[in-house]
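In what follows, a single structure is set out as structure tokens and then discussed.
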Amino acid sequence: CGIGRPESFTRTLEELGAEGEVLAFPDHWRFSEGDFRLVSERARKIGADLIVTTEKDAVRLSQPTADRPKAPFEVYVLLVSLDILRGRGRAEKLLAEIESLSAA
């Protein structure tokens, strides 16, 4: 996964009972063909028939290109959501302010 805090992502997968190996890339990583080969080789080495990644990286990992065929494994996404337990009104106000600034 290419994510700012891979340990949090990994912990969530472990809490869900996932087993396997973690291969983390820096956030906003531009995957090269070599990276794709590395992921494929590691998946084959441990006998994985699927990988789990973030939403943004799933698109890049699952789409074939002119240089490589479709991935030899299934790509699954760990969906993450945010629940605001306290201060919801303040958060909504801040988001509205950000939205109005970006629309200007």
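Could you go through region 58-72 and let me know if any residue there is modelled with pLDDT of 80 or more and touching a helix residue (DSSP H, G or I) at 6+ places or on another chain (Cβ under 7 Å). No, there is no match, as no residue in region 58-72 is modelled with pLDDT of 80 or more and touching a helix residue (DSSP H, G or I) at 6+ places or on another chain (Cβ under 7 Å). Only residues that are in a helix (DSSP H, G or I) and among the hydrophobic types (A, V, I, L, M, F, W, C): list them for region 1-59, please. Hits for region 1-59 are 9, 13, 36, 38, 39, 43, 58, 59.
The values are calculated or read from the model by the stated rules, or taken from the named source; none is laboratory data. Treat the numbers as computed from the prediction; the structure is a model and nothing was measured. Quick reminder, even Gly has a Cβ in these numbers, built from the backbone with ideal geometry, and neighbours come from all protein chains shown.
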